[in-house]
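Comments concern the structure below.
The values are calculated or read from the model by the stated rules, or taken from the named source; none is laboratory data. Remember, it's a predicted structure, so these values are computed and weren't measured experimentally. Neighbour counts are summed over all protein chains in view; Cβ atoms, including those assigned to glycine, are modelled from backbone coordinates with ideal geometry. These area figures cover heavy atoms from the full protein model, side chains too; ligands, DNA and RNA do not enter into them. Shrake-Rupley method; radii C 1.70, N 1.55, O 1.52, S 1.80 Å.
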Amino acid sequence: MRTCLHKVQYYETDQMGFVHHSNYIRWFEEARIDFMAQIGLDYQKLEEQGCLSPVLSVNCQYRKSVKFGETVQIITRLLEFGNVKFKLSYQVLDNETGELRAEGESTHCFINPQGKPISLKRQNPEAFEIFRSAL
């Protein structure tokens, strides 16, 4: 799988020119949607089919600051997958040097548009199999 590339924008930085810590979580989300597209799941279509996957938890360990103008690559891996939830890991690497800048995980569940937990296997067997094959 290809990595998700992100070029740091000025608005993502603080007064010192470093990326504000909240943006790493946004990058994880960007990488999650990209990962799903790469395995064959269009998130927008999944939502249209009545299956949403909100964040249950997210964590990030900041290793070295990223600055305006730099490009990072975000490697996303599916760590766990069940019928109702899944967990992803992320590594944010400097695109030129490969140096680890941050890493983290996010856990998500599957719900319907009314906010009730659903069984992905029952709601969308095709999506269930695509996720399962990505492990």
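Values computed for the structure shown
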| quantity | calculated |
| --- | --- |
| Trypsin sites (Lys or Arg not before Pro) lying in DSSP loop within the stretch 28-135, provided at most 16 other Cβ fall within 10 Å | Arg63, Lys64 |
| Average Cα contact separation per residue, the stretch 35-135, under 8 Å, 6 or more apart, as relative contact order % | 31 |
| Answer label, with Cα Rg over 2.2 N^0.38 Å calculated from the coordinates and candidates (i) 1.11; (ii) 1.42; (iii) 1.02 | (i) |
| The chain - percent of accessible surface contributed by carbon and sulfur, probe 1.4 Å | 49 |
| Heavy-atom accessible area per residue - the stretch 18-95, 1.4 Å, Å² | 51 |
| Candidates per chymotrypsin sites (Phe, Trp or Tyr not before Pro) in the stretch 25-111, loop by DSSP, up to 16 other Cβ within 10 Å | Phe68 |
| Magnitude of the charge dipole, the stretch 61-109, Cβ model with Lys/Arg +1 and Asp/Glu -1, debye to 20 | 160 |
| Calculated [θ] (222 nm, deg cm²/dmol) that DSSP helices of n ≥ 4 give over the chain, each run adding -39,500 (n - 2.57) | -8000 deg cm²/dmol |
| Nearest 10 degrees, 0 to 90: helix 22-39 Cα axis against the chain principal axis | 50 |
| Among Thr97, Thr76, Thr107, residue whose mean-square fluctuation peaks in a GNM of the chain (springs only between Cα atoms under 10 Å) | Thr97 |
| Segment Leu135-Cys109, extension gain: residue separation times 0.36 nm, minus the distance between their alpha carbons | 7.7 nm |
